[in-house]
Amino acid sequence: MKEINMDRVLSLAKYSPMRILHGDELYFAHYGERKYLEFMNFVSQRVYCEQSNESISEQAVDRFWKVYSISQKREEIFNLMKDGNLWDTKYRLCNFDNYIVNDNNKELFEILQGYLYNSFAACDSGIGIYIWGELGTGKTHAMYALANELAYGGKYTVYFTSILDILNGMKKNFSDMEEQEKIKERAKEADFLFLDDIGAEQLKDDSDWYKSIIYEIIDYRYRQNLPTIFSSNYSKTELVTKRHYDERLVQRIMEMCALEFEFKGEPMRITRAKQRREYAKSLIVDEESEISFSEIFESLAPWWAKYVADFERSHSTTA
């Protein structure tokens, strides 16, 4: 097991739960306290195991190192997320820890997890994913969760956009050829490109300029064997029959996306609205029956004070 820099542990412990992972940034805001408890729990387990010569579970080790590594690399991760267009207020908190798994998306969640854990092979082989289904089923949330997890790792360039955003950017900079090339290059060269909601753009049979841009980006990634993750309200066949996509381009998308998932069942927005309603009710705390996070932290204080004192005594002795 890796050695923990206890000076770093002590410095982190001085911060509030919200600050332990993200400094002053609004990051992991919805579950920073839970992660902080996991962190404290791991440290307490480690001390206990050292005293009792027992081992810590692999699950506890994995949980801790995810939190610990993110906290140490947070500035680098912030830059990667901003560079990858992942700093959207609504979706920047999406990841596999807060992904809502239900009967409709359980298979997709397993696909995305497997894809993340085998990201090196996916990147090397150029295997992409095609996610499609009706409005509100959670496609964008799933895309962001995977994109953010890839960005957290800090190993790849990840770029999240949509065909509509690319076309609007090109149109806005119609007279600036250099800026147009930059827009296309970011999408073409990223290790992982996430193209959200393809088919939403209004293409017509005579939209040759728009079609050429879409073709150039996807065809380049196809030829360079670079993985692309797509989401759409349409099947790949419907991109041709209903959205005027070039059939050759859709054939490339078919070949690029060895993994495919169709959303069915209740829209995720309805599921999430129900859960948010329950969460809102839980905010009304019955002081006689509920225990707040602050009370939990206070209950840890005696142990932590003793641990800090013992550590400082040992540290000063060895020094």
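Among the criteria (1) open to solvent by 60 Å² or more (accessible area, probe 1.4 Å); (2) outside any loop (DSSP other than H, G, I, E, B); (3) of a type in the set (Gly, Ala, Ser), the one Ala121 does not fulfil is (1). Checked against (1) open to solvent by less than 10 Å² (accessible area, probe 1.4 Å); (2) assigned to a helix (DSSP H, G or I); (3) modelled with pLDDT of 90 or more, Ile131 passes all but condition (2).
Looking at this structure, is Ile253 over 17 Å from Ile131 (Cα atoms), out of contact with any Pro (no Cβ under 7 Å at 6 or more places or on another chain) and surrounded by 19 or more Cβ atoms within 10 Å (Cβ to Cβ)? Against the criterion (over 17 Å from Ile131 (Cα atoms), out of contact with any Pro (no Cβ under 7 Å at 6 or more places or on another chain) and surrounded by 19 or more Cβ atoms within 10 Å (Cβ to Cβ)), Ile253 does not qualify. Of everything listed in (1) touching an Asp or Glu at 6+ places or on another chain (Cβ under 9 Å); (2) at pLDDT 90 or above, the single unmet condition for Lys211 is (2).
The values are calculated or read from the model by the stated rules, or taken from the named source; none is laboratory data. All of these numbers come straight from a predicted model, not from anything done at the bench. Glycine also receives a Cβ, built like all others from the backbone with ideal geometry; neighbour counts cover every protein chain displayed. When the accessible area is computed, the model is the full protein with side chains, heavy atoms only, and any ligands, DNA or RNA have been set aside. Shrake-Rupley method; radii C 1.70, N 1.55, O 1.52, S 1.80 Å.
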